[in-house]
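Below you'll find the structure, written out as structure tokens, and then a few comments.
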Amino acid sequence: MAGRTEFRTLMEEYIAFLEESVEREKEKYAALVSYDPKRTDKVVAEQQAANMRLAQLEERREEAQRQAGWEGLTFRQILERTDGAEKDTLTGLFERFENAVNEIRFYNSRSLSFANDGLRILGAAGVGQQTGTYDAAGRQRDGVKGASLFETEV
């Protein structure tokens, strides 16, 4: 039972971190749309630190889940193996966890979309676009001119 208490305590910490991450994702999006490079650099640095913390929390969650006897189980499977007050508590925690993750995904996708749109406007390659004058086999792509002076039509 002690393992389960530790698991719940860790999940509270993890969820608090994720809920803070929602605010960081909102700030990241706001920084991008502000076109303020210093503000953007700051949130990118904070994001890198948050990613390291996230990895640590996930490792701790896996270990706490193992110690609670739920190794390899999804949250839904854990709920199927609990009842009463424990199930109610875990249901609330897992719902908060899922809501925070969904919000993070939402704001992150908005940021990525905005950044990709900006790259397209600037003429830079977006995700999945082909760049360069030559293809992988070394042949010049149809309709693509290189930057070489010798290829410039006068």
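Within the stretch 14-23, the set of residues being surrounded by fewer than 17 Cβ atoms within 10 Å (Cβ to Cβ) and either of a type in the set (S, T, N, Q) or out of contact with any Leu (no Cβ under 7 Å at 6 or more places or on another chain) (or both) comprises A16, E19, E20, E23. Give just the number: which of (1) surrounded by 15 or more Cβ atoms within 10 Å (Cβ to Cβ); (2) in contact (Cβ under 8 Å) with a residue 40 or more places away in the chain does T82 not satisfy? T82 satisfies all of (1) surrounded by 15 or more Cβ atoms within 10 Å (Cβ to Cβ); (2) in contact (Cβ under 8 Å) with a residue 40 or more places away in the chain except (2). Selection over the stretch 107-130 of residues that are at pLDDT below 85 and among the polar types (S, T, N, Q) gives a count of 2. State yes or no: is T91 more than 22 Å from Y107 (Cβ to Cβ) and surrounded by 12 or more Cβ atoms within 10 Å (Cβ to Cβ)? When the stated conditions are applied, T91 passes them. With respect to A30, determine if the residue is among the small types (G, A, S), modelled with pLDDT under 95, surrounded by fewer than 11 Cβ atoms within 10 Å (Cβ to Cβ) and in a helix (DSSP H, G or I). When the stated conditions are applied, A30 does not pass them. Of everything in the stretch 39-70 that's among the charged types (D, E, K, R) and modelled with pLDDT under 95, which residue is surrounded by the fewest Cβ atoms within 10 Å (Cβ to Cβ)? Ranking the candidates gives D41 first. Would a scan of the stretch 57-76 turn up a residue that is part of a loop (DSSP other than H, G, I, E, B) and at positive phi? Yes, the stretch 57-76 contains at least one residue that is part of a loop (DSSP other than H, G, I, E, B) and at positive phi.
The values are calculated or read from the model by the stated rules, or taken from the named source; none is laboratory data. These numbers were taken from a predicted model, which means no experiment stands behind them. With ideal geometry, Cβ positions are generated from the backbone for all residues, glycine too; neighbour counts draw on all protein chains shown.
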